[in-house]
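Heads up: the structure comes next, in structure tokens.
The values are calculated or read from the model by the stated rules, or taken from the named source; none is laboratory data. Quantities reported herein were computed from a predicted structural model and do not represent experimental measurements. Neighbour counts are summed over all protein chains in view; Cβ atoms, including those assigned to glycine, are modelled from backbone coordinates with ideal geometry.
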Amino acid sequence: MKEKSVSQLQLQRSRRDFLRSAALGAGALALPLALDLPASRLWAAGPATVRGYGVTTSQLKDWSVMTQSIGVQMEFTGTGNDVGVFLRDVVASGLGDQTDIFVFEAGTQDILGPRGIYLPIDTQHPALTLWERTPDEWKHSRVVQDAEGNQWGVPVIGNADSFGYFPEKLGLDPNSEEELSWSLVFDDPRTRGRVSFDRTWGYSLPMAALYLQSKTGKPFSNCADLQPEETRQVVDFLIERKRAGQFRTLHSSFEEQIQLLSNREVDVINCWEPAVREVNLKLGKDATRYAYTQEGYYKWGHGAYLPVQAGDRDNLDAIYKVLNYYLGGEYRALQARDRGYAGPNMDLAVAYARENGWSAEDIATLEETERKIARKFSKPLVSTTTPSNADSMEEQWQRFLNA
Amino acid sequence: MSTSIPDTQAQVAPPSLAAKTPWRTLLGRIDWPLALFLVAWFIAVVVPLLGVVVYSFFETKSFFTVYTPSLNTWASIFDSGRFEVILRTLRIAFTVTAVELVLAFAFSLWLAKGRASRTVKAMTLALMTVPFFLDLSSRTIIWRAILGENGPLIPLLTGIGLVEPGSAGILYSEWAVHFGMIIALFPTMMLPVYIAISLVDDTLIDASNDLGASPWQTLTRVVIPLSLPGVIAGILFTLGSAMAAWVEPSMLGGGFVNLLSNSIESAYSALRYPVLAALTTLIVMILGVLVLAFVLIGRRFGDLSSSFRVLRS
């Protein structure tokens, strides 16, 4: 045993020697190492690096823009968008050991925050300069807080979802911005057999609950986290509508949303807003519209969350710079232009576009997005992807699918 | 006869001798490779399965497994209609397999023993492998455009008078799912059946004809029994793939044809592992009963193992 430890010591020593000589060879690194300066000082010369992990579409198409603006480099690993997978990755694979920032669909904070796996956001951090001016509906939403109101994240992108429709098939004025009822999805005789409904329970059940409570006049405790008995009521209603032939089909992907509209297979579909945009590129301007609704919207969002391990890291300041960057005009404008996503502080995006000489058309689109978000956010919103009643909601949803 | 002599000797050996070396006798009689295989099989298959059965008695609350034994998960399997999902999946999988078997057997018989030239055979086999180069979803999504209400199928069927004008098409129905699966799984059934039939020695078929058997008798008494290994392989491959079908029910069933993989995926989205465990337990039990029935029925029609002799040639 003793011999082994001696040889291990030798191995370590020779490795150190090797590293030292390599550093000496590198020249630039030689001096601080010889003077025994802290390792973090070595980075002072180049930009700090922050390692991100999460939803692929939250990325800038070119992170070097951010490096130029705030002097922080991003190494991002993209992944799909599934809360179950996020939980598994973070808990089982211990991703916090290698990652500085997670960008996930809302919901993981409810489970990982209180269990001490996420680091609470220090809203007073000096690098988080845009926090104060960020509207409450973004920074204090359930996307970035848990049920008790603890701050676990910074909002990155988000939108309020409703449904897409063909105005001409429903006899509606394509230029009108009147608020439509969700009855077009669930109840309207004009749309019977002409509706596609999203197959994802976490997305579609809250929407149905939102409509049903306004129809019956009996509000649910929380449309996004229905109690088992409430879920049963909503699913009974959906089964009744399914049997009445209201739904032409159920869809389960973004590509299907686009296909169903562009093939004119359905007249109404509860879908993502970019689907309507894609379809209009194909079928012509305003061929389909995305509804303003009477009853409210499904609000979704991606937040940036920090693993608890990041709290002790040397690059914590750089991490907060990136969090602040997510709230700023450059990220907002680029995400809106390149991916069609909205987010907090749209006004900063408009200002950024003006300062950087964007075309009048691009600026007008950003302003339109800002106006649209403000209008939708003034309505009731339902949101959360990890409801505490997920098990009963998923089970009842199966009943709907099998009916 | 020579092999039976040691057995006879063992039986007549004095009991005192057997009592002195019971272990040696026992160890000598064990077929070691078989025993090792069975032990490995027990560890690799049965032990995890027992774990799965135990897990099915837990439940999930708010994305975390609650390790308190209860029957809640099992009750939910029946309440949510998941049990019907299993039955529906089995029904569709068996229907598809049966249709495939009829189609693939006829096709393989023509290709292997018909008058097709070598070139035709080679080309046909090559064409059968083409689908494997393209992703299943890409192949299936094309059928949506064809089977949909704005596709070419409806005007065609309306023209023949098979379908009422203004019909919504067969997309988003069990018909469409069956159709998509039959198209996709044809090579899976056909290739093993074809190999088995082509291995049947032509001289046996000639002999059968020379002895005055009708073509039907030659088929049922010579070709079919000798091609059973390929048929069984084809049935197992096709049935397995059909049970796990995921793309066709999603894309052609329009979400209304809820099959096992879709149901499992949904449970996984809420991290309901006990539900997955219960579903797995149920399927293994149902398949176990079916295999047993298969063997019992097979026995009535003769010695199945004799069919495998064809593989030695």
Open item on the list: Would you confirm, using the coordinates I've provided, whether residue A:390 is buried (at least 24 other Cβ atoms within 10 Å of the Cβ), over 30 Å from residue B:60 (Cβ atoms) and either over 17 Å from the mean Cα position of the chain (by Cα) or free of Cβ contacts under 8 Å to residues at least 12 places away in the same chain (or both)?
Closed with: no
Task: Search result, residues across region A:252-278 that are touching a Gly at 6+ places or on another chain (Cβ under 8 Å) and under 15 Å from residue B:150 (Cβ atoms) - done: A:261, A:263, A:265
Open item on the list: Yes or no: region A:17-38 includes at least one residue that is at pLDDT below 80, of a type in the set (S, T, N, Q) and outside the structural domain of residue A:341 (by TED's automatic domain parsing).
Closed with: yes
Task: Scope region A:177-235; condition in a helix (DSSP H, G or I), surrounded by fewer than 23 Cβ atoms within 10 Å (Cβ to Cβ) and within 14 Å of chain B (Cβ to nearest Cβ); matching residues - done: A:203, A:204, A:228, A:229, A:232
Open item on the list: Out of A:249, A:288, I need the residue that is over 27 Å from residue A:107 (Cα atoms) and away from chain B (no Cβ under 14 Å). Which one?
Closed with: A:288
TODO: Exactly one condition in (1) without any contact (Cβ under 8 Å) to a residue 40 or more places away in the chain; (2) more than 14 Å from chain B (Cβ to nearest Cβ); (3) part of a helix (DSSP H, G or I) is not met by residue A:321; state its number.
DONE: (1)
- [ ] Test residue B:98 against the criterion of being small (Gly, Ala, Ser), loosely packed, with under 15 Cβ neighbours inside 10 Å, within 27 Å of the chain's Cα centre (by Cα) and assigned to a helix (DSSP H, G or I), and give yes or no.
- [x] yes
Open item on the list: Being assigned by TED's automatic domain parsing to the domain that holds residue A:196, more than 24 Å from residue B:146 (Cβ to Cβ), of a type in the set (Ser, Thr, Tyr) and surrounded by 19 or more Cβ atoms within 10 Å (Cβ to Cβ) is the requirement here; does residue A:249 meet it?
Closed with: no
Task: Which numbered condition residue A:399 misses (of (1) surrounded by fewer than 24 Cβ atoms within 10 Å (Cβ to Cβ); (2) assigned to a helix (DSSP H, G or I); (3) away from chain B (no Cβ under 14 Å)) - done: (3)
- [ ] Could you grab me the full set of residues in region B:200-251 that are under 18 Å from residue B:110 (Cβ atoms) and under 22 Å from the mean Cα position of the chain (by Cα)?
- [x] B:223, B:224, B:226, B:227, B:230, B:231, B:234
TODO: Sort through A:347, A:314, A:362, A:391 and tell me the only one that's in contact with a Ser or Thr (Cβ under 6 Å, 6 or more places away or on another chain) and over 30 Å from residue A:185 (Cβ atoms).
DONE: A:314
Open item on the list: Tally up the residues in region A:119-150 that are touching a helix residue (DSSP H, G or I) at 6+ places or on another chain (Cβ under 7 Å) and at positive phi, please.
Closed with: 0
- [ ] Quickly run through region B:252-279 and pick out the residues that are under 24 Å from the mean Cα position of the chain (by Cα), part of a helix (DSSP H, G or I) and more than 7 Å from every other protein chain (Cβ to nearest Cβ).
- [x] B:252, B:260, B:261, B:262, B:264, B:265, B:275, B:276, B:277, B:278, B:279
Task: Residue satisfying condition, being surrounded by fewer than 14 Cβ atoms within 10 Å (Cβ to Cβ) and basic (Lys, Arg), within set B:144, B:118, B:139 - done: B:118
- [ ] Could you tell me whether any residue of region A:122-143 is under 24 Å from residue A:312 (Cα atoms), crowded, with 17+ Cβ neighbours inside 10 Å and under 17 Å from the mean Cα position of the chain (by Cα)?
- [x] no
TODO: Go over the candidates A:330, A:240 one by one and state the one that is acidic (Asp, Glu), more than 14 Å from every other protein chain (Cβ to nearest Cβ), in a helix (DSSP H, G or I) and over 30 Å from residue A:355 (Cβ atoms).
DONE: A:240
- [ ] Among the residues of region B:214-248, write down those that are assigned to a helix (DSSP H, G or I) and among the polar types (S, T, N, Q).
- [x] B:217, B:218, B:220, B:227, B:238, B:241
Open item on the list: Take the conditions in contact with a strand residue (DSSP E or B) (Cβ under 8 Å, 6 or more places away or on another chain) and either outside the structural domain of residue A:187 (by TED's automatic domain parsing) or under 16 Å from residue A:155 (Cα atoms) (or both) and apply them to residue A:385. Does it pass?
Closed with: yes
Open item on the list: Regarding region A:364-373, can at least one residue be identified that is hydroxyl-bearing (Ser, Thr, Tyr), surrounded by fewer than 21 Cβ atoms within 10 Å (Cβ to Cβ) and outside the structural domain of residue A:127 (by TED's automatic domain parsing)?
Closed with: yes
TODO: Tell me, yes or no, whether region B:149-159 has at least one residue that is outside any helix (DSSP H, G or I) and in contact with a Leu (Cβ under 9 Å, 6 or more places away or on another chain).
DONE: yes
- [ ] Scan region B:106-148 for residues that are free of Cβ contacts under 8 Å to residues at least 60 places away in the same chain and in contact with a Leu (Cβ under 7 Å, 6 or more places away or on another chain) and jot them down.
- [x] B:121, B:124, B:146, B:148
Open item on the list: Checking the structure you have, find out if any residue of region B:253-263 is surrounded by 21 or more Cβ atoms within 10 Å (Cβ to Cβ), closer than 30 Å to residue B:201 by Cβ and in contact with a Ser or Thr (Cβ under 6 Å, 6 or more places away or on another chain).
Closed with: no
Task: Whichever residue in region A:74-116 is surrounded by fewer than 20 Cβ atoms within 10 Å (Cβ to Cβ) and of a type in the set (S, T, N, Q) and, among such residues, is nearest to the other protein chains (Cβ to nearest Cβ) - done: A:81
TODO: Kindly check whether there is at least one residue in region A:171-182 that is modelled with pLDDT under 90, hydroxyl-bearing (Ser, Thr, Tyr) and not assigned by TED's automatic domain parsing to the domain that holds residue A:107.
DONE: yes
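Rundown of residues vs (1) within 14 Å of chain B (Cβ to nearest Cβ); (2) aromatic (Phe, Trp, Tyr), yes/no style:
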{"position": "A:341", "(1), (2)": "no, yes"}
{"position": "A:345", "(1), (2)": "no, no"}
{"position": "A:348", "(1), (2)": "no, no"}
{"position": "A:358", "(1), (2)": "no, yes"}
{"position": "A:368", "(1), (2)": "no, no"}
{"position": "A:373", "(1), (2)": "no, no"}
{"position": "A:376", "(1), (2)": "no, no"}
{"position": "A:392", "(1), (2)": "yes, no"}
Open item on the list: For region B:117-128, check the following and say yes or no: at least one residue is within 14 Å of chain A (Cβ to nearest Cβ), in contact with a Pro (Cβ under 7 Å, 6 or more places away or on another chain) and of a type outside the set (Ser, Thr, Tyr).
Closed with: no
